[in-house]
1. Under 5 Å between amide H atoms, partner at least 5 residues away or on a different chain: which partners does residue 61 have, H built in plane at 1.01 Å?
2. Relative to the compact-globule scaling 2.2 N^0.38 Å, provide the ratio for the alpha-carbon radius of gyration of the stretch 66-196.
3. Computed from the mean reciprocal separation of all distinct C-alpha pairs, what Kirkwood hydrodynamic radius does the stretch 87-155 have, in Å?
4. Suppose R0 equals 56 Å; then what is the FRET efficiency for residue 98 and residue 57 from their Cβ-Cβ distance, rounded to the nearest 0.05?
5. Can you tell me the relative contact order of the stretch 87-155? Whole percent, Cα pairs under 8 Å, sequence separation 6 or more.
Amino acid sequence: MKKTIKLLGIFVINTLIIIGCENPAEHQPHIHQWGDWQTIISSTCTTEGIETRHCILNAKHVETRRIAINFNAHMFGEWTETTAPTEYDDGEETRYCAYDSRHIETRPIAALGHTHVWGDWIQTLAPTCVTEGEETRHCSLNEEHIETRPINALGHDWGDWTQIDAPTCTIQGLEFRTCKRNCGIADERQPIPALGHIPNTETGFCTVCNDLGYNIGDTGPGGGIIFYKSVYGFTFFTSSDDSIGVKAHYLEAAPTDMGAENGGLSYHYQWPGKKSNRFTVTNIFIGYGKKNTELIEAGKHLNLTINDKIDWFIPSYYECVELYNQQAIIGNLTGSEYWTSSRYDSAGGSVYSVYIIDMSYGSFVRRIYDTCHIRAIRAF
């Protein structure tokens, strides 16, 4: 008997050793490293769900937990009409949850309606000059069915313009008009353009207001460009023996350089004055160009008739300076150097020298045998 018990103990011990050796790693203690939770059974609106996770060191080690009921996790069936719509009233349809028939959803079914039979439009709000009105019509099958639409604002019904202030040559006038509908809107006003001067082509004065009628940059009576204006006037000497002069207000440049009036290029000329008359006294100031031109006997070289005007002359020094100052307005002073009718004389200087104006650099002196351009002018 003792032998039998001894042998049985040995057998049990041997058996345990054999079982423990099948996979010793499974029985070694460790700290679980859990994976993510995975849903096994989803929760519904009536039942809980189940989710599990496994240890990544031993997949046989599992945790399980419940998922709370999701009261929104319905499984609805098809929509079923429960109240039929009529022509005027909405109907209703319903669907039931398969988990619990007490869980219900409903939605309206639009009323069938009808083809409207509209009456005439009736004005419900009158339009004004500046605001819209409104008109309405009703369906004859159901008075509660209404359409509305705007009526366009009428706009003003203006009367004739009435002059408040008359315009002058230089000042705008003013006129107004009033709406005939008496809509309460203030009258409308607008300026009347100034009339502008109507200059006398001989004197330059306006025939309406007697003010000076031309401005610098205007086309003058001779067809050229006005390049000098004196409000108070300047003394203009009309001939070689004129010692008193007349009052003028404007200087006008010929349309082109001398020699180009027939479409040709600007020409260079020697000084057109009488070269043998060495001691002819000329003047440099504005108003003396005509007198200078006759004193140096250069008029015969001009021989200009432009726009029926024959009173063109070679400008004096300061008259030519004004050409220089207004060359951007004149626009076609294509030459570089222009003769004046003013001789240059100074102590020790040459009596054969003449002032010229360079359109790029200003005033210089040239000998009478040099060549320059000529731009004739006139005064009035």
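No lab work stands behind these numbers, since they all come straight from the coordinates. Being a predicted model, the structure only gives us computed values, none of them experimental. So basically every Cβ, Gly included, is an ideal-geometry build from the backbone, and we count neighbours across all protein chains shown.
1. 55
2. Normalised Cα radius of gyration, the stretch 66-196: 2.35.
3. 15.6 Å is the Kirkwood radius here.
4. Result of the calculation: an efficiency of 0.85.
5. Contact order relative to length: 24 percent.
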